[in-house]
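Novice: Just dropping this structure here.
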Amino acid sequence: MLTPIAIASPASASASLYSGCLNYVKNNGYVVGPKVYAACAHEAWSTGVGVWIFNPACYSGLVNIGVRPAVATEACKRAH
């Protein structure tokens with residue numbers, strides 16, 4: 001008997017990769033829409049020792065739409 005498995009669509013799989021970024025922005029009082037999704041899609045960079053560095057494209061994308069720099073920095077570190 002075959003057991004059905006659930007497979008995430010590419011869009012939802014991608015969103016789950018950077019959900020930490022989206023959630024952080026939302027939890028800080030901002031509306032999460034297409035521009036936040038686009039910014040958070042720029043994944044953070046790993047240093048290889050468990051430390052994440054924000055992607056400048058994520059940071060500038062958020063700051064350019066009015067997210068406070070401190071929130072953008074932390075949100076973008078979570079985009080992984």
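The numbers here are math on the coordinates, done by the rules we state, and not lab data. Please read all numbers here as calculations on a predicted model, not as lab measurements. Reconstructed Cβ throughout: ideal geometry from the backbone, glycine too, with neighbour counts over all protein chains shown.
Novice: Defining a contact as two alpha carbons under 8 Å apart and six or more residues distant in sequence, what relative contact order in percent does region 11-62 show?
Specialist: 31 percent
Novice: So, one more: Give, as a single signed number, the net charge of other residues whose beta carbon lies under 14 Å from the beta carbon of HIS80, with Lys and Arg counted +1 and Asp and Glu -1.
Specialist: 0
Novice: Taking every pair of distinct Cα atoms and averaging 1/r, then inverting, what Kirkwood hydrodynamic radius in Å comes out for region 22-69?
Specialist: Final number for the Kirkwood radius of region 22-69 is 11.1 Å.
Novice: Let me ask something additional. Taking the Cβ of TYR18 as the center, what net charge do the other residues with Cβ under 12 Å away carry, scoring Lys and Arg +1 and Asp and Glu -1?
Specialist: Charge balance near TYR18 sits at +1.
Novice: A follow-up question, please. Output ³J(HN,Hα) for region 24-32: one whole-Hz value per residue in order, computed from phi by the Karplus curve 6.51 cos²θ - 1.76 cosθ + 1.60 with θ = phi - 60°, and x for Gly and Pro.
Specialist: 5, 4, 4, 5, 9, x, 9, 7, 9
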